[in-house]
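The values are calculated or read from the model by the stated rules, or taken from the named source; none is laboratory data. Every value quoted in this text rests on a predicted model; they were computed, and no experiment measured them. Every residue, glycine among them, receives a Cβ derived from its backbone with ideal geometry; neighbour counts consider all protein chains shown. Side chains included, ligands, DNA and RNA excluded: accessible areas come from the protein's heavy atoms. Shrake-Rupley method; radii C 1.70, N 1.55, O 1.52, S 1.80 Å.
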There are 2 protein chains.
Amino acid sequence: MYRSHDCGALRMEHIGREVTLSGWVDTSRDLGGTTFIDLRDRYGITQLVFDMEANAELCEQARKLGREYVVQAIGVVRERYNKNPNRATGDIEIDVRSLQVLNASKTPPFTIEEDTDGGEDLRMKYRYLDLRRENVQSNIIFRHRLGLETRKYLSDHAFIEVETPVLIKSTPEGARDFVVPSRMNPGQFYALPQSPQTFKQLLMVSGFDRYFQIVKCFRDEDLRADRQPEFTQIDCEMSFVTQDEILATFEGLTKHLFKSIKGIDLPDFPRMNYDEAMSKYGSDKPDTRFDMTFVELNDLVKDKGFNVFDQAELVVGICAKGIADAYSNKDLKALTEWVQRPQIGAKGLVYAKLNTDGSIKSTVGKFYTDEDIRQWAELMNAEDGDILFILSGEAEKTRKQLGELRLELGSRLGLRKADDFKPLWVVDFPLLEWDEDTERFYAMHHPFTSPKKADISRMLDGDHETMKSLRADAYDLVINGVEIGGGSIRIHDRALQAKNFKLLGFTPEEAEEQFGFLMGAFEYGAPPHGGIAFGFDRLCAVLNGQNSIRDFIAFPKNNMGRDVMIDAPGRIDDVQLSELSLRLDIKDQ
Amino acid sequence: MYRSHDCGALRMEHIGREVTLSGWVDTSRDLGGTTFIDLRDRYGITQLVFDMEANAELCEQARKLGREYVVQAIGVVRERYNKNPNRATGDIEIDVRSLQVLNASKTPPFTIEEDTDGGEDLRMKYRYLDLRRENVQSNIIFRHRLGLETRKYLSDHAFIEVETPVLIKSTPEGARDFVVPSRMNPGQFYALPQSPQTFKQLLMVSGFDRYFQIVKCFRDEDLRADRQPEFTQIDCEMSFVTQDEILATFEGLTKHLFKSIKGIDLPDFPRMNYDEAMSKYGSDKPDTRFDMTFVELNDLVKDKGFNVFDQAELVVGICAKGIADAYSNKDLKALTEWVQRPQIGAKGLVYAKLNTDGSIKSTVGKFYTDEDIRQWAELMNAEDGDILFILSGEAEKTRKQLGELRLELGSRLGLRKADDFKPLWVVDFPLLEWDEDTERFYAMHHPFTSPKKADISRMLDGDHETMKSLRADAYDLVINGVEIGGGSIRIHDRALQAKNFKLLGFTPEEAEEQFGFLMGAFEYGAPPHGGIAFGFDRLCAVLNGQNSIRDFIAFPKNNMGRDVMIDAPGRIDDVQLSELSLRLDIKDQ
């Protein structure tokens, strides 16, 4: 037996008891006559004491222990002179009688503590040491609890977890698939699922009624900072449901998670349609922790001689409250440069400062009188002390740019608090989105999403503007400006599914080849159904008020999709390649 | 709203209530004046009634509904004249007032009932219909409950579920890996994990203390009848534990699952060492639901002129109780032919029939007197009415053959009852096993398994017999002759791990290249640790007293690794291949 208790277990009530502990040497202090060692495991830290007078040999042994050594200590629990109220075991210490080194440790390449001195690359290479840091470990434990509560809630609501296959079929639609060559079927490949979408729909056809799965999904994308080639979804589907019933169910799940894990009671989630989100926040995932909503100024600003506004499709502004005194000209110049960065792409930034002394300073004073600007201010509910920021240009782009500026100002003004949670449903998404590059429509959610009933009859009009105006029974759950989940009511009728594939540019043969099994299933009594998928990694991060999903993944990959700890991917030998009927064909770079 | 209740919900207390139900037309009976429809969903079946006199139009509509149509019915709950006590809703029926077809159905290619007329191939192609059959659906729901209870038990015992990566590194050791070409790292490949073995060990190095995961694993093997290329494990690891503590923990899990899911209280599991299992049952996974254990007869049978026994390394028999009268010469001849089949491979079968009249009939009467045979019978605890079956030859092979015969007799004699559960731990496995083909030793469990402490000093003796005699801290959980789980105490010392790799024929460079990250981790304070993995698919089957794991997998693959429903694997296009820096290289078959 390696231990009678873990390092977080002992209290005053154990005083006088002989105990055996095992763990890692966290820190040690040698005070001459006495040596203290903090022994650490997942459950806590317990102080070990070695006394020179009582047992010099043992004390010498203890002095030689390095950080991160793994030791077993047998001793007697006693009360501490200087208690540590910040530690659960802070009332007691162990008077050690015998000590055994279970394993030595080289000096770690970085310090095992919250504010480590290790850089990202080093910590990823030695991820097994990085994971010893309490803050990283607690993220992973948090994730475990979130998974457990998710399964509990969904199971209590009659959902069945069903494992769907990982080795499936590649379909060119959507993002790039990872593929897996089949040795037994030469020249053929499996694909790893981007989501279990078609399988969960088939489970509805099978009558499972309510399905969920916490499941790994895969996308071979060029990785941005916060994307991973493998990621985890809470994937759900329900039969005989309306959109309202789905939203109610998963609002219930989200509230349960906040309550059970964070102790937070969330009020009912507001709903906002896509058009409102875009026109008020310039985003389909608005951060509603703060207002600063868009006000359109087209009617007020035209025909005053300011060419930029006159030619703009949209002139739109936000009001930043009470910052006129704090923001110098230099600050405002810096902000202008910020919106002009290529990532944002605005040509310039118009602002009007409503000084607390009643004066107005604006970048467009040449064209607009103070009275003009007072009119804007009134429309924007602005008062003295505020600054109005205005962007103009092509409507869609301008809204996105102003949305970015809004978030930036929200951050700078401390309006995006990590412990403030503002969920909302964004609903009534467009069915289709036009892609300029490939000159075709893509499904905004995915090709299985049902158009709204009222829009079905308009689906084959074919003219561009009608197509853009089609709305879907699709919805996203957004918290604090982050899309946590998204879903839709699905098509369950073969003819409508075929029509939708046609809109998306599939020939009937392509549709049959790729999704014939699903359309076939629709002919044997498919029930009305719909569902949702949550990004589990992101949900973990958002509930913690953090941004990076990587901190909630035990063994993440870097931006080149590499696991630098195990050094993957790597070469495979020629025999293996030949068994797979493959040859390498590496072009010169 | 599609329904106010599901099809299993309504009882006498609902009489008079107007309800809305949705589901599938299971059966319909047209009695002229009245039409009955059984409406089905996952939760049950409710009888709908349509009356010609009350509403002829509605009744006509109902008559036209085909099997598996999806309908919504609104009506009033009323008491049935002929109650059906076998159905939870059997006291009531719905007097339907309005009916809506939600989706039509073509005639299914096989009947949706327990004894379907559909063959395996057809059912797999239309798996979404096969999954509508109550017995198949209940298997999948059973699996869900087993997963839920597993997670509950392990979480309650301080285990943390941690997701390990699916895209890892290929290692030539063990079975063949599935590989995934990396687009971003041309010429390089990920591998899909055969198990999260190294990652769970790293989590122990990280101090997670207790880890589990219900996780998909992958093996590119030539598929036998009951293997799947992707399968699910309950994967577990613990730190600072002895073998006894691991066995106690997972015996606890197994008992919990039997109790919570089957209502069965299992007594403590016996333990048997590997040598005893092999010598008494000819198998490292003995079915202990029945005795019929091996008795070695070498000392009694030699030097009586029977050449076959004289030259045999081992002469060993089993006693089949009370079948002498029932088994004719013809039966015994058939049994002899059974052991001679190539799958078993025995040269012949010696038997001695102890007739109930006191006479003896044996195939070797020419060499052995009745008195000789009475001596065997005494050693084998046989009585009149029993038959002794004896095999001989090379010891290891003969034991395996007799083990097969024992199981076959057990089945024929009805001794292997589906509702009788006899778990046991098989312990003290050999560390290494010799492979005749490649003329080298392989790890019997895997290369990370710790030899028993007493055997470590003998590890480098190098002579063949010593190597074969090394024992490992490895154990299997066996239930009813099926290996449910297996595990070991792991090596946590770099030098010992290196030594073990050397025994297994790795050069130091190969060991470093493939497992350097793990050996490196052992240098930074790796705790003593060990674990176990359960085959989740198999556990589902065994708890149900069934043999085939395929019945517990929602979307299984066939023996060629194909999913015939979605038709995977399949071709990918040349652009995709080129992006992956690959070319097909298909040899003529």
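Things worth noting here:
- Filter pass, A:ALA175 being more than 7 Å from chain B (Cβ to nearest Cβ), within 30 Å of B:ASP585 (Cα to Cα) and open to solvent by less than 10 Å² (accessible area, probe 1.4 Å): no
- Checked against the criterion of being surrounded by fewer than 19 Cβ atoms within 10 Å (Cβ to Cβ) and under 16 Å from the mean Cα position of the chain (by Cα), the candidates B:ARG289, B:ARG227, B:ARG219 yield just one match: B:ARG227.
- If you go through region B:417-467 and keep only what is within 21 Å of B:PRO528 (Cβ to Cβ) and of a type in the set (Val, Ile, Thr), you end up with B:VAL427, B:THR449, B:ILE456.
- Helices (runs of 4 or more DSSP H) fully within region A:314-418 counting 2 or more residues that are more than 30 Å from A:ASN544 (Cα to Cα), in contact with a strand residue (DSSP E or B) (Cβ under 7 Å, 6 or more places away or on another chain) and not aromatic (Phe, Trp, Tyr): A:370-379, A:395-412
- Scanning region A:563-572 for residues that are at the interface with chain B (Cβ under 7 Å from one of its Cβ atoms) and either among the hydroxyl-bearing types (Ser, Thr, Tyr) or open to solvent by 10 Å² or more (accessible area, probe 1.4 Å) (or both) gives A:MET565, A:ASP567, A:GLY570, A:ARG571, A:ILE572.
- Taking the criterion of being farther than 23 Å from A:SER105 by Cβ and out of contact with any helix residue (DSSP H, G or I) (no Cβ under 6 Å at 6 or more places or on another chain), the residues of region A:57-86 that qualify are A:VAL76, A:ARG78, A:GLU79, A:ARG80, A:TYR81, A:ASN82, A:LYS83, A:ASN84, A:PRO85, A:ASN86.
- Among the residues of region A:1-14, those that are surrounded by 14 or more Cβ atoms within 10 Å (Cβ to Cβ) and within 14 Å of chain B (Cβ to nearest Cβ) comprise A:TYR2, A:ARG3, A:SER4, A:HIS5, A:ASP6, A:CYS7, A:GLY8, A:ALA9.
- A:GLN188 within 29 Å of A:PHE448 (Cβ to Cβ) and either open to solvent by less than 10 Å² (accessible area, probe 1.4 Å) or at the interface with chain B (Cβ under 7 Å from one of its Cβ atoms) (or both): yes
- Residues satisfying the stated conditions in region A:120-172, i.e. touching a helix residue (DSSP H, G or I) at 6+ places or on another chain (Cβ under 7 Å), more than 7 Å from chain B (Cβ to nearest Cβ) and outside any helix (DSSP H, G or I): A:HIS157, A:THR171
- Residue check, B:ILE489 at pLDDT 95 or above, more than 30 Å from B:PRO556 (Cα to Cα), buried (at least 20 other Cβ atoms within 10 Å of the Cβ) and not aromatic (Phe, Trp, Tyr): yes
- In region B:291-342, the residue that is farthest from B:LYS366 (Cα to Cα) out of those that are in contact (Cβ under 8 Å) with a residue 40 or more places away in the chain and among the basic types (Lys, Arg) is B:LYS321.
- Of all residues making up region A:466-486, the number that are open to solvent by less than 30 Å² (accessible area, probe 1.4 Å) and either assigned by TED's automatic domain parsing to the domain that holds A:LEU253 or in a strand (DSSP E or B) (or both): 10
- Summed over region B:516-562, residues that are out of contact with any helix residue (DSSP H, G or I) (no Cβ under 7 Å at 6 or more places or on another chain), surrounded by fewer than 24 Cβ atoms within 10 Å (Cβ to Cβ) and not in a loop (DSSP other than H, G, I, E, B) total 7.
- B:GLY252 being within 12 Å of chain A (Cβ to nearest Cβ) and open to solvent by less than 40 Å² (accessible area, probe 1.4 Å): no
- For A:ASN381: the one exception among (1) under 16 Å from A:ILE323 (Cα atoms); (2) free of Cβ contacts under 8 Å to residues at least 60 places away in the same chain: (2)
- For region B:574-586, the candidate set comprises residues that are at the interface with chain A (Cβ under 7 Å from one of its Cβ atoms) and open to solvent by 70 Å² or more (accessible area, probe 1.4 Å); within that set, the residue that is modelled with the lowest pLDDT is B:ILE586.
- Odd one out for A:PHE240, checked against (1) under 27 Å from B:TYR2 (Cβ atoms); (2) more than 18 Å from the chain's Cα centre (by Cα); (3) more than 9 Å from chain B (Cβ to nearest Cβ): (3)
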